[in-house]
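Bear in mind these aren't lab numbers, they're just calculated from the coordinates by the rules spelled out. The structure presented is a predicted model; accordingly, all values stated were derived computationally and were not measured. Heads up, the Cβs are rebuilt from the backbone with ideal geometry, glycines too, and the neighbour counts pull from every protein chain shown.
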Amino acid sequence: MTPTITASGVRRSFGSVPAVRDISLQVEPGRVTGLVGPNGSGKTTLLLMLASLLAPDAGQIRIGGIDPVEDPSGVRRIIGWMPDALGAWGSLSARETLFVTGRLYDLPRDAARDRAEELLRMVDLTALAASPARVLSRGQKQRLGLARALVHDPQVLLLDEPASGLDPEARVGLRVLLRQLAAQGRTVLVSSHILAELEEVVDDAVFLVAGATVSAERVAAAARSLRTWRVRVADADPAVSVEAIAAALQRDAATLATDRSGVLVGFASDTEAAAALRALVEAGVPVIEYAPATGDLEHTFLDLRDGSAS
Ligand SMILES: Nc1ncnc2c1ncn2[C@@H]1O[C@H](COP(=O)(O)OP(=O)(O)OP(=O)(O)O)[C@@H](O)[C@H]1O
């Protein structure tokens, strides 16, 4: 599949701060791609450059084959951009915000009106359609921001922290919507540091550390690194069950950590984890929960952040 978004050797500094040092990536259509990185790793700076709102100091970007530096309006026609905070037009109502945005994208008056109603329904804001945007809660503003990004039915979506401020129901709604948008063949690039959230929705992930993309080899090595599993035993406090678990696994109990719900054990591979489960059951330990303590993305992210995969 031809990637819709490509970047190579992209750099951008603010004065002496190198916000983006070396970013190269490819994002494919029909998929949701997560942009993952710690605070200050350059996610927003990168998204602004992809959205044609900030010029790179060096490197090359193409969105649907268009260079955002050469042809910013060409890029803006095909992208939907959701910034991490809604910004501007606080006195317009949610409905007016979407109507005006539609008009700015040259939708005829009636089409802009219909589209606004359709999007209000899609993000569950119909009941608040007449409220000024400034009185909306953070989560409601996020939903309006998402609707605004979708007004002109863009092929590429660039979403900066769309889940931030959303309640659990709205998060589920967002996940379903992102999957639908990707299933329609759109390209969805979404940044977040709520990794459990991304875990549920992304097909691919691009990892940023200190303004640079992490190579596929390094990501694969991080994903393979020693992984912590949580073992929970029926009716036993982890501080007590740690002894039985350590004995069954022939480990020193003092080397095993515990948290509120279980005992944490490191395994080098899934095969080793499966063999340990067998040993626990054979030793009569009543295991009621046995799973990786972190999701795949979080595990890789933490390993990259700690630098142990380099
Ligand atoms: N306009 C600016 N002027 C000066 N420094 C900036 C500016 N914008 C970003 N930076 C710096 O660039 C670096 C990257 O910032 P950026 O906002 O891109 O990170 P981020 O990954 O989106 O962070 P977060 O997860 O906290 O949103 C940070 O060190 C930030 O302080």
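Can you compute the FRET efficiency between D237 and A279 using 1/(1 + (r/R0)^6), with r the Cβ-Cβ distance and R0 = 25 Å? Round to the nearest 0.05.
On the way: r = 21 Å, r/R0 = 0.86.
For D237 and A279, the calculated efficiency is 0.70.
Let's test the formula: R0 of 45 Å, r as the Cβ-Cβ distance of Q26 and E272. What FRET efficiency results, to the nearest 0.05?
On the way: r = 34 Å, r/R0 = 0.75.
About 0.85, to the nearest 0.05.
Would you work out the charge dipole size for region 165-299 about its Cα centre, treating the Cβ of every Lys and Arg as +1 and the Cβ of every Asp and Glu as -1, and quote it to the nearest 20 debye? Each step should come with its number before you reach the end.
Details: 12 positive and 19 negative charges, 54 e Å.
The calculation lands at about 260 debye.
Just to be sure I understand: with springs between alpha-carbon atoms less than 10 Å apart, which residue in L177, L158, L47 has the highest mean-square fluctuation in the Gaussian network model of the chain?
L177
For the chain, with a Gaussian network of springs between Cα atoms less than 10 Å apart, report the residue from L119, L208, L226 with the top mean-square fluctuation.
For the chain, modelled as a Gaussian network with Cα springs under 10 Å, the answer is L226.
Please give the charge dipole size of the chain, origin at the Cα centre, charges +1 on K and R Cβ atoms and -1 on D and E Cβ atoms. Round to the nearest 20 debye.
Numbers: 32 positive and 38 negative charges, 193 e Å.
It comes to approximately 920 debye.
Between region 145-172 and region 194-241, how many Å separate their Cα centres?
25
Give the calculated FRET efficiency between M122 and A55 to the nearest 0.05, with a Förster radius of 41 Å applied to their Cβ-Cβ distance. Each step should come with its number before you reach the end.
On the way: r = 33 Å, r/R0 = 0.80.
The computed FRET efficiency comes out at 0.80.
Just to confirm the filter: which chymotrypsin sites (Phe, Trp or Tyr not before Pro) across region 1-95 are DSSP coil and have at most 16 other Cβ within 10 angstrom of their Cβ?
Working: sites: F14, W81, W89; in loops: W89.
Sparse-neighbourhood loop chymotrypsin sites (Phe, Trp or Tyr not before Pro): W89.
From the residues A116, A51, L174, which one has its Cα farthest along the dipole of the chain in the positive direction, the dipole being from +1 and -1 charges on Cβ of Lys/Arg and Asp/Glu about the Cα centre?
A116
So between D252 and R179, what do we pick up on full extension, going 0.36 nm a residue minus the alpha carbon distance?
Working: separation 73, 0.36 × 73 = 26.28 nm, distance 4.50 nm.
So the extension gain works out to 21.8 nm.
Using a basic spin-label model with each label point 7 Å from the Cα along Cα→Cβ, how many nm lie between S215 and R113?
5.9
Could you work out the Kirkwood radius for region 5-213, taking every pair of different alpha carbons, averaging 1/r and inverting it, reported in Å? List each step's numbers first, then the result.
On the way: mean 1/r = 0.0578 Å⁻¹.
This gives a value of 17.3 Å.
Once amide H atoms are built 1.01 Å from N in the peptide plane, which residues 5 or more positions from V209, or in another chain, come under 5 Å H to H?
For V209, whose amide H was placed from the backbone, the distant partners under 5 Å are V214.
How far is it, in nm, from the label point at S73 to the one at T228 when both lie 7 Å from their Cα along the line to the Cβ?
Calculated label separation equals 5.4 nm.
For T258, enumerate residues with amide H under 5 Å from its amide H, sequence gap 5+ or separate chain, H modeled in the peptide plane.
Answer set, sorted by chain and number: L264.
Work out how much length D167 to I288 would gain on full extension: take 0.36 nm times their residue separation and subtract the Cα-Cα distance, in nm to one decimal. Show your work: numbers first, answer last.
Numbers: separation 121, 0.36 × 121 = 43.56 nm, distance 2.96 nm.
Full extension from D167 to I288 adds 40.6 nm.
Note the full-extension length gain between D306 and S131 as 0.36 nm times their separation in residues minus their Cα-Cα distance, in nm to one decimal. Can you show the working numbers first?
Numbers: separation 175, 0.36 × 175 = 63.00 nm, distance 4.55 nm.
Extra length available between D306 and S131 comes to 58.4 nm.
Rounded to the nearest 500, what is the chain's calculated 222 nm mean residue ellipticity when only DSSP H runs of at least 4 contribute -39500 (n - 2.57) each, over all residues? Mind dumping the intermediate values first?
On the way: 11 runs with 119 residues, N = 310.
Calculated from helices alone, the mean residue ellipticity at 222 nm is -11500 deg cm²/dmol.
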